[in-house]
Structure formats: C-alpha cells, structure tokens
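Comments concern the structure below.
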Amino acid sequence: MTKRDSMASKSDQELSKLLVETKNSLRTERFAAAGARPKDSNAPQKLRKTIARIVTEQHARKAKAAHA
C-alpha cells in the first residue's frame, strides 16, 4: 500500500501510471472474487484507498497550480 508521503514524492506521470495500474488491479480483483473465494478479502478496499490517495494528490497539485 502506498502512503500519502510517497505520493507527494512522485511525478505527475508516475501518478498517472500508478492510477491506471491500480484501477486495472482492482478490476482484476473484482472479477477474480466473482469466481472463487479471494485470498485477501480486503484487497479491493486497499486498492480503492490507494486510488483515492492518487486522485487526491492530483487534485491538490491542480489546485496549487491554479493559485500560483
């Protein structure tokens, strides 16, 4: 799981790439959970939190750029 501190140290391109990868992982987890019992039942929740952290950091950067 990626914490907010490490999100701030990533570039915009890295955040975008991480967002796409995390969304793909979440999609994979959802479809895998439909067929059988998942190994980690909290994985989708962890992935959603990571997505929220990424989007929050991107929004904060856009807001900071708008004020500058």
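Derivation of every value follows stated rules applied to the coordinates shown; laboratory data play no part. None of these values were measured; they are calculated from a predicted model.
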> So what are the ³J(HN,Hα) numbers for the range 18-32, from phi and the Karplus equation (6.51, -1.76, 1.60; θ = phi - 60°), rounded to whole Hz, Gly and Pro as x?
Replying inline: 5, 5, 5, 5, 5, 5, 5, 5, 5, 4, 4, 4, 5, 6, 5
>> With n ≥ 4 as the cut-off for DSSP H runs, can you work out [θ] at 222 nm for the chain, using -39500 (n - 2.57) per run divided by the number of residues, rounded to the nearest 500?
In response: -27000 deg cm²/dmol
>> Tell me the volume per residue, in Å³, of the convex hull enclosing the alpha carbons of the chain.
In response: 75 Å³
> Among the lysines in the chain, how many pairs, 8 or more places apart or on different chains, have alpha carbons under 13 Å apart?
Replying inline: 4
